[in-house]
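**Student:** Sharing a structure below in structure tokens format, with a few things to ask.
The values are calculated or read from the model by the stated rules, or taken from the named source; none is laboratory data. A quick note: this is a predicted structure, and the numbers were derived from the prediction, not measured. Virtual Cβ from ideal backbone geometry, glycine too; neighbours counted across all protein chains shown.
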Amino acid sequence: MSLFRKIFKSSSKSDDPFENKENEQRSKYMPEVDTPADERFTRNFIINGGRFLYALNMDEVHDNFDNILLENDWYEKDVFCMDDGLKQTFNNYNLKFGAKKESAFFLATCESLVANDGSLLICSNQLKELKLHDLPQNIIIYGTTSQIVNNIGEGLRLIKNRNSGSIPTNITTIKNFESKDDSKDFMTYGSSTKNLYLLLLEDL
């Protein structure tokens, strides 16, 4: 399944006047009819203000990571990263891995990508005991299409299944990305707005 193939197969409006009329009458708050989870996640993630870079293989992941560093002038900068696997994966960019809030960016994985609101589900596996406001302003998350779930409930079940007998703590979502819309709902109250990149690998 190719996420981009489905998303960008057509950007033009349908020639069917009845289909267009039906779309106009649907409230923006109503759920989409039979929309695949990957498409819903992508749409909602972008609406939230997130930026993602899609990759078919690890070579493209590295190309996208390199482009992020180049765009932001983050070469040879401090990186807040607590994941030894990611340190190994991205060890050829002259980055200084550590755990400083003042670092140029936070590099981490996630537990799930939540389709119904475009959020990223994370826990103590990524954060340890830290809160979102303890992290640098800029965040790069490495995720895969197989991590896309319909809702937070599915994501929580996956966390429980993966960590039988030792369920991680500090479970939260990153949802409030950098955007022009400063409005917040009760789910994002008290969270810090972040500038977030998602390196998304197609693995299905």
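**Student:** Answer yes or no as to whether Leu204 is part of a loop (DSSP other than H, G, I, E, B), at pLDDT 70 or above and closer than 18 Å to Ala37 by Cα.
**Tutor:** Yes: the conditions hold for Leu204.
**Student:** Give the residue that is modelled with the highest pLDDT, with candidates limited to residues of the range 100-110 that are surrounded by fewer than 19 Cβ atoms within 10 Å (Cβ to Cβ) and closer than 21 Å to Leu120 by Cα.
**Tutor:** Thr109
**Student:** Can you tell me how many residues within the range 119-141 are touching a helix residue (DSSP H, G or I) at 6+ places or on another chain (Cβ under 7 Å) and crowded, with 23+ Cβ neighbours inside 10 Å?
**Tutor:** Adding up the residues that qualify gives 2.
**Student:** Are any of the residues in the range 21-31 within 25 Å of Gly155 (Cβ to Cβ), at pLDDT below 95, of a type in the set (Ser, Thr, Tyr) and in a loop (DSSP other than H, G, I, E, B)?
**Tutor:** Looking through the range 21-31, at least one residue is within 25 Å of Gly155 (Cβ to Cβ), at pLDDT below 95, of a type in the set (Ser, Thr, Tyr) and in a loop (DSSP other than H, G, I, E, B).
**Student:** Return the residues of the range 111-168 that are in contact with a Gly (Cβ under 8 Å, 6 or more places away or on another chain) and more than 25 Å from Phe80 (Cα to Cα); say none if nothing qualifies.
**Tutor:** Val149
**Student:** Now, a different point. Please determine whether any residue of the range 179-192 is among the hydrophobic types (A, V, I, L, M, F, W, C) and modelled with pLDDT of 85 or more.
**Tutor:** no
**Student:** Next up: Of all the residues that make up the range 49-94, how many are among the aliphatic types (A, V, I, L, M) and modelled with pLDDT under 95?
**Tutor:** Residues flagged as among the aliphatic types (A, V, I, L, M) and modelled with pLDDT under 95 within the range 49-94 amount to 1.
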